[in-house]
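Working notes, structure below.
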Amino acid sequence: MQVVRSNFAVLALASALIGCGGGPKTAQISGRVLFKDGTPPKGGVCAIQFLPAADTTAEIRKAASGDIREDGSFEVYTRKPGDGIFVGKYDVTFAVWESPMSSKSLIDAKYTSPTTTPYHVTIDQDADDLAFEVEPAAKVKR
Amino acid sequence: MAASQRHLHRMESFRLRRSHLAFTLVELLVVIAIIGVLVALLLPAVQAAREAARRAHCQSSAKNVALAVLNYESANKKLPVGMSFNAAQYRANVHTQLKEYGPNWIIYALPFLEQQATFSKFNLKLPINNDGAGVSTSDVRNREARGTEIPVLLCPSDSNNRAKYVGKITFHGDNWARGNYAANSGGNFIGGGGCSARPGETIPACTAGPEANGTLPTDDGWTSDLRRGVMGPNISASLKQITDGTTKTIMLGEIRAGLSEKDARGTWAMGHAGSSLLAIFGSGGDANGPNACYPSADDVYSDVCGTEKAKAECMDCFTGGAADQATTRSSHPGGVHIAMCDGSVSFLSDNVETSGIGGPWGTAWDYMIGSADAEATIR
């Protein structure tokens, strides 16, 4: 009887584990964004976006993003902190603005658009060492 | 000899009968375990079926509200304005909050929702928050009217929509009934953006509104065609002006009622982002996409912003911007109901393409928000 009961427990556990889950594969990625001189970009809005590339193989086309912290580190998630990024090809862009209401980008404009960014990455597994270098916005000539 | 044999026989028959009389403890435990497993398997299915029924209810309500708005359009040749306010009064108080709120789109649509009685209760010459501190007069009609629960505006999946909003700040007044539907005011902050272009764009993207830094657009509440919605502050589109096509442009989205009685989200008579309007809920902000779970996503009047509870419920918010930003949210697993400008309602997955925190404009979701964003701008 002991054996039978433990079999039930195993069965219940197995069905609980198999029942849920599935869905497209995701990866947990993190890294660091710095200027050339090694200092992190700072702003009222300071975020990194992984935008699905036109030819991405990701089953779900949805950008993942994350705030760039004070030390330049970031963790990327799609909708909810911790949910990771759908594996596939991405164009990497950045938003560093004075404030959420601001019209001013504090980094070079080429990093803000998927068509001009120099960073195109393929995410296929977890990674915690992604490194990106950005340039500050050019000083406006008067 | 004979006596002992008889005794033995009696013993055996007793044992035999005894085994039919009751279950052993182990047998009982096994039966309970089996029942437990069966119930455990059944419960989620029952819960899912109940949620499916509630979801169907929310969907049909969205359809009814959208049809009421379209009927308003037929009668008035324009959609109702998302919110209304006295622009002249506001100009005179540049850089201060507008404290008197005019009628919003739901109030204007009431006669088309078979709510003529509630509509008649309002005194539309007075602010809707008429009894709030600093706005007070002895007329309490608007306070009574805005506290009316309107069944078609309540989605039963939302467990917070029966507790009224009592006012986060005193000039709001209290007694605001909840609502679960919000109109698309566009991809702009309501006013708060101070009419500046989003980084990477050339046209100022602003929508006039109470929190605007005094810069009101001269001709049209939407300066940017890319980001214009359909029902904004003191402005609305006619169906003709929805050049993207009415089937491709969002009219209404679901919203969730605030998590506390001092959280103004989901308040049907209040014309504010998160209360009855969606604003900057696509690219260029941090409330990007349905059920966006980013930190401080919605900019609304609320006392739960930044709390663990708000974060756990994916309802985090930011009070610094007052009420200028909010996205569409629901308690349904996996997505929200969206009514398009043709009156069709669909369940849209949370996985719709968006560009994340502060991402550049141009995703599938962005094009559903803009009512006049030309196809040519698709990247």
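Close amide H pairs (under 5 Å, H built 1.01 Å from N) link B:M251 with B:A339, B:M340, B:C341, residues at least 5 positions away or on another chain.
Rounded to the nearest 0.05, what FRET efficiency do A:E133 and A:S99 have when you use their Cβ-Cβ distance and R0 = 25 Å? If you can, show how the numbers build up before the last one.
Details: r = 24 Å, r/R0 = 0.97.
About 0.55, to the nearest 0.05.
Between B:A49 and B:S346, what is 0.36 nm times their sequence separation minus the Cα-Cα distance? Round to one decimal in nm. Each step should come with its number before you reach the end.
Numbers: separation 297, 0.36 × 297 = 106.92 nm, distance 1.88 nm.
Result: 105.0 nm gained on full extension.
FRET efficiency for the pair B:A56 and A:A27, taken as 1/(1 + (r/R0)^6) with r the Cβ-Cβ distance and R0 = 56 Å, rounds to 0.95. For peptide B:239-245, the mean count of partner chain Cβ atoms within 10 Å of a residue's Cβ comes to 0. Less than 5 angstrom separates the built amide H of A:A64 from those of A:F50, all sequence-distant by 5 or more or on a different chain. In plain terms, the residue of B:Y367, A:Y90 with the fewest other Cβ atoms within 10 Å comes first and the most crowded comes last, giving B:Y367, A:Y90. Considering the dipole of segment B:228-372 built from charges on the beta carbon (Lys and Arg +1, Asp and Glu -1) around the Cα centre, which of B:S276, B:W361, B:N291 is farthest to its positive end? Toward the positive end, the furthest listed residue is B:S276.
For each of B:C341, B:C317, A:C46, count neighbouring Cβ atoms within 10 Å of the residue's Cβ, then give the residues from fewest to most.
Result, fewest neighbours first: A:C46, B:C341, B:C317.
Taking other residues whose beta carbon is less than 12 angstrom from the beta carbon of B:R265, and scoring Lys, Arg as +1 and Asp, Glu as -1, yields -4.
For B:I235, nonlocal amide neighbours, meaning residues 5 or more places apart or on other chains whose placed amide H falls under 5 Å from its own, are B:G82, B:M83. Each residue of segment B:145-162 is assigned a 3J(HN,Hα), and the resulting list reads 5, 6, x, 6, 7, 10, x, 5, 8, 10, 9, x, 5, 8, 7, 9, 8, 9 Hz, derived from the Karplus form 6.51 cos²θ - 1.76 cosθ + 1.60 (θ = phi - 60°), x at Gly and Pro.
The string of couplings for segment B:346-356 from the Karplus curve (6.51, -1.76, 1.60, θ = phi - 60°) is 9, 8, 9, 5, 4, 7, 4, 5, 10, 10, x Hz, one whole number per residue in order, with x for Gly and Pro. DSSP finds beta bridges in segment B:259-379, and of those with both partners inside it, around 70 percent are antiparallel.
Sort B:239-248, B:285-294, B:68-77, B:262-271 by packing, meaning the average of other beta carbons within 10 Å per residue, with the highest value first. Could you put the intermediate results ahead of the total?
Values: B:239-248: 15.2, B:285-294: 25.8, B:68-77: 16.8, B:262-271: 27.9.
Top of the packing list down: B:262-271, B:285-294, B:68-77, B:239-248.
Coordinate-derived values only; no laboratory data. Quick caveat: nothing in here was measured; it's all calculated off a predicted structure. Reconstructed Cβ throughout: ideal geometry from the backbone, glycine too, with neighbour counts over all protein chains shown.
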